[in-house]
Amino acid sequence: MIIFLTILILIISVLLGLVVLIQNPKGGGLSGTFGGFGTQVIGAGRTTDVMEKTTWTLAIVIGLLCLLSAFFIPRQSATSNQPSAVEKAIQTMPVTPSAPTNSPAPTPANPSGSTPGGK
């Protein structure tokens with residue numbers, strides 16, 4: 001089911017891209033390049049309204065399909081004894097020893113306290 005939803009989302013995304021390219025915002029667009037192709041097919045009266053509604057509809061459908069597809073992602077059951085990928089990674093991580101916290105004080109080289117070669 002997740003594969004079907006993914007393919008459907010991709011197809012609708014391509015359609016949304018085409019609808020956005022056909023729109024003729026204030027500065028022109030792809031529809032102006034083809035000599036007003038969008039207005040001849042749909043009609044001259046409310047072409048921009050139809051294109052805008054189509055854009056919003058396709059965007060909402062993509063959003064809903066994305067939310068719906070989250071319910072079909074396979075999940076690991078709670079009763080399973082197999083560790084997750086994160087738990088496996090943590091278990092296989094090498095453990096590096098930390099510095100000792102209670103290290104003994106270094107012993108002096110000359111315990112008598114006299115200076116070397118001194119009197």
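The values are calculated or read from the model by the stated rules, or taken from the named source; none is laboratory data. Quick caveat: nothing in here was measured; it's all calculated off a predicted structure. When we count neighbours, we look across all protein chains shown, and the Cβ atoms used for this are built from the backbone with ideal geometry, even at glycine. The protein model used for the area step is the full one, side chains on, heavy atoms only, and it has no ligands, DNA or RNA in it. Shrake-Rupley method; radii C 1.70, N 1.55, O 1.52, S 1.80 Å.
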task = Go through Phe72, Phe4 and list them by solvent-accessible area, largest first, probe radius 1.4 Å.
result = Phe4, Phe72
note = Here FRET efficiency (C-beta to C-beta, Val20 to Phe71, R₀ 30 Å, nearest 0.05) is 0.60
